[in-house]
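What follows is a set of notes on a single structure, which appears directly below.
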Amino acid sequence: MTYKRKKYHRGDTHLKKGWRTKRKTKDLDEIDEDLKDKNITNLLNQEVDLDKPGAGQYYCVHCARYFINDTALQDHITTKVHKRRLKALELEPYSIEESERAAGKGNYIAPQKRKIETITRDNFNMDLESEFSSKSKVAKVDA
């Protein structure tokens with residue numbers, strides 16, 4: 001009985017996963033762009049799309065993933081994967097200005113750490129409502 005010879009070197013098999021692009025997710029700089037107010041509003045309040053899991057209504061902005069229902073999203077928020085992503089997003093993304101400073105054009109400034117908290121549709125909408133109510137209170141006081 002003959003065996004098929006494996007064509008992988010012993011140390012290269014773990015690298016193969018990193019080269020695949022089948023399940024490629026967004027990079028940290030793309031997610032940082034999504035965390036801006038205009039983009040986050042669009043992502044959290046998407047139109048119903050039946051091709052996406054959960055019709056596109058349950059989206060984790062930090063991990064760029066759709067979930068089938070709210071329970072799955074809430075379970076995801078408590079996982080290590082989500083917490084690791086929040087930790088990775090604490091550093092400001094690498095920019096062109098930073099690369100120029102590192103190359104000698106200007107003084108180098110180390111990237112700052114930020115406080116990143118989980119943003120869901122519910123707490124984001126509450127923030128918007130409180131912001132609008134405080135603006136309307138100010139308008140009533142001015143009048």
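Here are some notes:
- The single condition from (1) more than 13 Å from I119 (Cα to Cα); (2) out of contact with any Cys (no Cβ under 8 Å at 6 or more places or on another chain); (3) open to solvent by 40 Å² or more (accessible area, probe 1.4 Å); (4) modelled with pLDDT of 85 or more that K24 fails is (4).
- If you filter region 75-90 down to residues that are part of a helix (DSSP H, G or I) and of a type in the set (D, E, K, R), you find that the one that is surrounded by the most Cβ atoms within 10 Å (Cβ to Cβ) is R85.
- Sub-6 Å Cβ pairs linking a first residue in region 48-74 that is part of a loop (DSSP other than H, G, I, E, B) to a second residue that is open to solvent by 20 Å² or more (accessible area, probe 1.4 Å) and basic (K, R), at least 6 apart or interchain, are H62/R85; C63/R85; A64/K26, ordered by first then second residue.
- Search result, residues across region 34-64 that are surrounded by fewer than 12 Cβ atoms within 10 Å (Cβ to Cβ), of a type in the set (D, E, K, R) and within 19 Å of L89 (Cβ to Cβ): K36, D37, K38
- Residues that are at pLDDT 85 or above and charged (D, E, K, R) within region 56-99 comprise R65, D70, D75, K80, K83, R84, R85, K87, E90, listed in sequence order.
- Residue match in region 75-83 (condition: on the phi < 0 side of the Ramachandran plot, in contact (Cβ under 8 Å) with a residue 40 or more places away in the chain and not aromatic (F, W, Y)): yes
The values are calculated or read from the model by the stated rules, or taken from the named source; none is laboratory data. Remember, it's a predicted structure, so these values are computed and weren't measured experimentally. Note that we place each Cβ from the backbone using ideal geometry, even for glycine, and neighbour counts take in every protein chain shown. Each accessible area value is taken on the protein alone, full model and side chains, heavy atoms only, with ligands, DNA and RNA left out. Shrake-Rupley method; radii C 1.70, N 1.55, O 1.52, S 1.80 Å.
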